[in-house]
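The values are calculated or read from the model by the stated rules, or taken from the named source; none is laboratory data. Owing to the predicted nature of the structure, the values given are computational and were not obtained by experimental measurement. Positions of Cβ are backbone-derived with ideal geometry, glycine not excepted, and every protein chain shown enters the neighbour counts.
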């Protein structure tokens with residue numbers, strides 16, 4: 001009997017394991033549309049030639065695979081005339097950028113020579129390599145390694161006339177020689193053990209930077225001199241003057257805090273003439289964070305940018321600002337939105353007014369964001385739980401909502417503007433991509449037959465598979481307020497089977513899980529789960545009042561919102577089914593409190609680099625300001641720094657808000673995934689939580705990865721998925 005039971009259990013476990021592997025392999029292999037390289041039209045404006053970027057997972061090599069495909073589309077007949085085969089992008093490419101006129105390609109690659117990594121820069125014109133060098137070649141290169149792509153701390157930009165390329169690179173360093181082997185004191189260089197500050201989580205390689213320009217006409221690389229000291233230049237836009245650029249500067253003193261996902265850091269604008277090495281400071285380092293400058297293409301001395309306040313939430317509702325570089329005057333084009341204004345606050349649930357009103361700007365400006373004539377500006381944002389697109393019309397001085405041709409059950413990701421065409425990816429929970437082009441010439445036309453949307457190509461699953469996945473959005477207003485909570489319920493049409501409910505809770509907390517295609521979501525559904533995705537108060541896309549609501553209230557407001565969203569879903573579906581909680585980072589605050597406050601209601605918890613100890617985060621994270629802002633709504637002081645341990649009230653507050661405080665009440669089995677290189681929520685925090693769970697004899701398991709906070713690399717993400725299914729199967733019956 002025992003042997004039979006053991007054999008049956010092993011067979012079931014193997015079946016679950018095999019199913020998890022094959023299901024993930026199937027959905028991870030579906031391509032997604034990530035960006036667009038180029039879009040050109042013929043002289044008659046009837047044919048478009050488009051080259052977008054796609055990505056997929058290679059589960060043999062265990063790496064992300066990026067590739068391009070080219071499409072030729074007839075605007076007149078609305079037909080796709082040609083589709084190329086795939087062209088894979090070598091993983092050793094550090095930077096790749098096509099010039100605005102489509103004639104030049106700038107390429108930076110890396111290669112290993114023994115234990116040394118070498119950087120090669122190439123400039124191509126059509127099919128000819130017209131210039132190239134290795135960055136350690138002192139005769140040509142004035143810089144070190146070219147910095148990899150990063151939205152905040154590096155840039156790589158062609159000038160509008162395609163004659164110059166500006167980029168950031170490491171500063172050249174003298175190689176270190178031992179004190180005891182150097183022939184001359186001048187040969188010593190910096191010690192290999194010298195600590196060099198960087199920008200924290202996922203940005204450790206970004207220590208120092210110099211700004212360089214490659215000139216196509218002279219075939220020379222110039223290091224811009226007189227670089228202001230104690231500043232780091234991380235973003236850039238060319239002006240209408242081919243010799244001038246606008247740059248975003250971050251202060252390096254007294255020390256750096258983490259920068260990724262932190263759009264509340266003090267920054268200032270500088271104007272630089274790269275030929276004369278002249279730097280002019282345009283704004284002060286004040287209480288404003290200035291990011292994503294984009295110069296108007298047809299107007300001298302003016303650019304737009306996105307503005308947030310420093311301190312407070314790390315991501316906020318932003319203002320769109322028009323800046324004049326001559327007068328240094330600023331004009332608010334689009335202000336931040338505190339909350340949707342309701343004509344009758346006694347109505348429930350304010351549906352019509354909520355759905356139709358603008359809720360603010362939250363996402364970066366695309367690099368290619370202007371129409372050719374400079375009239376239109378492409379804006380990306382979040383509206384509730386959907387990604388949306390707006391067009392700002394400089395002539396009419398108004399913003400226009402660009403609505404999805406497929407309705408409100410989709411999200412739209414604006415990729416770029418080419419000429420008067422907007423490249424758009426329209427997605428939903430079961431569709432990885434639909435590549436559309438929108439003609440801005442039809443924007444203000446009322447003729448319904450004049451459809452400006454053109455479908456280029458789309459990816460769809462087989463009909464029977466696609467039709468199995470459905471979703472709906474639930475919205476409610478806690479505490480009798482006008483700030484909503486939304487949850488996306490993704491499930492199958494099968495209502496007869498009692499399926500476990502898996503609840504996905506995002507981190508941040510100032511982020512959002514929008515209506516989109518996620519490999520994990522569709523794979524979990526394929527393995528027998530229904531999914532509930534909760535966007536609690538504090539999430540992006542619901543107005544600044546929602547973000548401010550959570551400041552000083554984490555572990556209360558967010559926890560209550562998630563618990564209520566779960567209870568509402570259970571009430572409307574199947575109240576008695578088991579609930580699995582899954583999330584990372586700030587979700588550790590929420591999930592840790594949920595399983596502590598409601599120990600009998602949640603079947604399994606899966607945590608990824610969780611925040612379980614706020615005092616520990618404050619003392620060790622690369623963003624100590626986050627802990628006190630979210631817990632107490634206090635501001636971080638560089639002079640005081642982390643030295644607030646004499647403030648017993650603060651210490652007590654951080655401890656009281658920490659989920660580890662409720663460890664004695666936890667009964668729920670807990671799975672932990674931790675990254676040893678995590679700078680945001682250091683590895684020791686999760687390890688301590690694991691040890692406390694073990695001491696209380698709570699069923700728990702820990703997986704450790706040689707990775708950072710996101711754990712998003714293909715080997716890690718795929719391993720986490722399978723291990724999650726196996727752990728859940730130990731505590732729930734998934735055999736049916």
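Computed values, structure above
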| item | result |
| --- | --- |
| Within region 624-736, helices (runs of 4 or more DSSP H) holding 3 or more residues that are at pLDDT 95 or above and either on the phi > 0 side of the Ramachandran plot or in contact with a strand residue (DSSP E or B) (Cβ under 9 Å, 6 or more places away or on another chain) (or both) | 683-695, 714-731 |
| Selection from region 684-708 of residues that are within 26 Å of the chain's Cα centre (by Cα), without any contact (Cβ under 8 Å) to a residue 60 or more places away in the chain and buried (at least 18 other Cβ atoms within 10 Å of the Cβ) | 705, 707 |
| Strands (runs of 3 or more DSSP E) lying entirely in region 49-134 (those with 3 or more residues that are over 29 Å from the mean Cα position of the chain (by Cα) and either closer than 21 Å to residue 212 by Cβ or in contact (Cβ under 8 Å) with a residue 12 or more places away in the chain (or both)) | 71-74, 79-83, 116-125, 128-134 |
| Selection status of residue 146, within 32 Å of the chain's Cα centre (by Cα), surrounded by 17 or more Cβ atoms within 10 Å (Cβ to Cβ), in contact (Cβ under 8 Å) with a residue 24 or more places away in the chain and over 25 Å from residue 267 (Cα atoms) | no |
| Subset of region 202-226 [surrounded by fewer than 19 Cβ atoms within 10 Å (Cβ to Cβ), in a loop (DSSP other than H, G, I, E, B), in contact with a strand residue (DSSP E or B) (Cβ under 9 Å, 6 or more places away or on another chain) and touching a residue at least 40 places away in the same chain (Cβ under 8 Å)] | 217, 219, 226 |
| Positions within region 177-201 being farther than 30 Å from residue 680 by Cβ and part of a loop (DSSP other than H, G, I, E, B), in sequence order | 177, 178, 179, 180, 181, 182, 183, 184, 188, 189 |
| Odd one out for residue 571, checked against (1) out of contact with any helix residue (DSSP H, G or I) (no Cβ under 9 Å at 6 or more places or on another chain); (2) part of a strand (DSSP E or B) | (2) |
| Among the residues listed as 320, 296, 282, the single one being within 16 Å of residue 241 (Cα to Cα) and in contact (Cβ under 8 Å) with a residue 40 or more places away in the chain | 296 |
| Given (1) free of Cβ contacts under 8 Å to residues at least 40 places away in the same chain; (2) outside any helix (DSSP H, G or I); (3) more than 25 Å from residue 454 (Cβ to Cβ), index of the condition residue 14 fails | (2) |
| Residue in region 524-543 that is surrounded by fewer than 22 Cβ atoms within 10 Å (Cβ to Cβ), in a helix (DSSP H, G or I) and either within 28 Å of the chain's Cα centre (by Cα) or modelled with pLDDT under 95 (or both) present | yes |
| Selection from region 673-702 of residues that are within 23 Å of residue 200 (Cα to Cα) and in contact with a helix residue (DSSP H, G or I) (Cβ under 6 Å, 6 or more places away or on another chain) | 673, 674, 676, 682, 685 |
| Among (1) touching a helix residue (DSSP H, G or I) at 6+ places or on another chain (Cβ under 7 Å); (2) more than 21 Å from residue 567 (Cα to Cα), the one test that residue 537 misses | (2) |
| Failed item in (1) buried (at least 23 other Cβ atoms within 10 Å of the Cβ); (2) in contact with a strand residue (DSSP E or B) (Cβ under 8 Å, 6 or more places away or on another chain); (3) under 24 Å from residue 729 (Cα atoms), with residue 593 passing the rest | (2) |
| Single unsatisfied condition, residue 502 versus (1) within 23 Å of residue 432 (Cα to Cα); (2) in a helix (DSSP H, G or I); (3) in contact with a helix residue (DSSP H, G or I) (Cβ under 8 Å, 6 or more places away or on another chain) | (2) |
| Those residues of region 156-186 which are surrounded by 13 or more Cβ atoms within 10 Å (Cβ to Cβ) and free of Cβ contacts under 8 Å to residues at least 24 places away in the same chain, in sequence order | 176, 177, 182 |
| Subset of region 609-623 (residues that are under 21 Å from the mean Cα position of the chain (by Cα), within 22 Å of residue 199 (Cβ to Cβ) and not in a loop (DSSP other than H, G, I, E, B)) | 609 |
| Residue identified as out of contact with any helix residue (DSSP H, G or I) (no Cβ under 9 Å at 6 or more places or on another chain), at pLDDT below 95 and either surrounded by fewer than 16 Cβ atoms within 10 Å (Cβ to Cβ) or under 30 Å from residue 628 (Cβ atoms) (or both) among 288, 321, 332, 310 | 310 |
